Amino acid sequence: MKRPLLMLGVLLLLTGAAFTGSSPLHKKAVLPKASPTVYRVVVGIGAGGIPTVDQDTVTLVAANGDSVIWVAGSGVAAFSIQFPAGSPFNQSSFASAGGSMASGAIRAGANGNYKYSVGVNGRWLDPTVIVKGGHG
């Protein structure tokens, strides 16, 4: 029983893996970057013609490359998105003639809460986009 252990010890010393930390088992794990998530927000029309969204708050992680796509729901012919006090994206306003529109990439340095307005038929709703800088 001593002989296999002795041979294992010699093998480890010869490879330099015993005490140097050079073994693949001792290397730091590098975590892969999370895949970008595209959050889908459906814009609709509620009671009294007030716009609705199916997600009042969307949290994005900048380091992951997350983004938003706004989609026209049932009965919505056109809508607009405006970030009046600063946008986390390269654009601060978006307009759609129905269908959908994508936010695009988060601009460099964006972090925190961003109130935005969704307009449908001259009526407005104010949901929020939250941007976190690090990994989710």
Rounded to the nearest Å, the spacing of the alpha-carbon centers of the range 57-83 and the range 91-120 is 6
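So if each residue of separation counts as 0.36 nm, and I subtract the Cα-Cα distance between residue 74 and residue 108, what length gain in nm does that give?
Values: separation 34, 0.36 × 34 = 12.24 nm, distance 3.44 nm.
Stretched out fully, the residue 74 to residue 108 stretch lengthens by 8.8 nm.
Which order do peptides 95-101, 125-131 fall in by mean Cβ count within 10 Å, highest first? Could you put the intermediate results ahead of the total?
Details: 95-101: 13.0, 125-131: 17.7.
The densest-packed peptide leads the list: 125-131, 95-101.
In percent, what relative contact order does the range 38-132 have, based on Cα pairs under 8 Å that are 6 or more apart in sequence?
Once divided by the residue count of the range 38-132, the mean separation gives 33 percent.
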Rounded if a/c under 1.5, otherwise prolate or oblate - the range 38-132, Cα gyration tensor axes: prolate
Residues in the range 84-100, backbone N under 19 Å from the label point at residue 123 (7 Å along the Cα-to-beta-carbon vector): list them, ranges by number please. 96-99
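Every number in this text was worked out from the coordinates using simple rules, so none of it is lab data. Note that the structure is predicted; figures quoted are calculated from it, not measured. Note: ideal-geometry Cβ built from the backbone for every residue, glycine included; neighbour counts use all protein chains shown.
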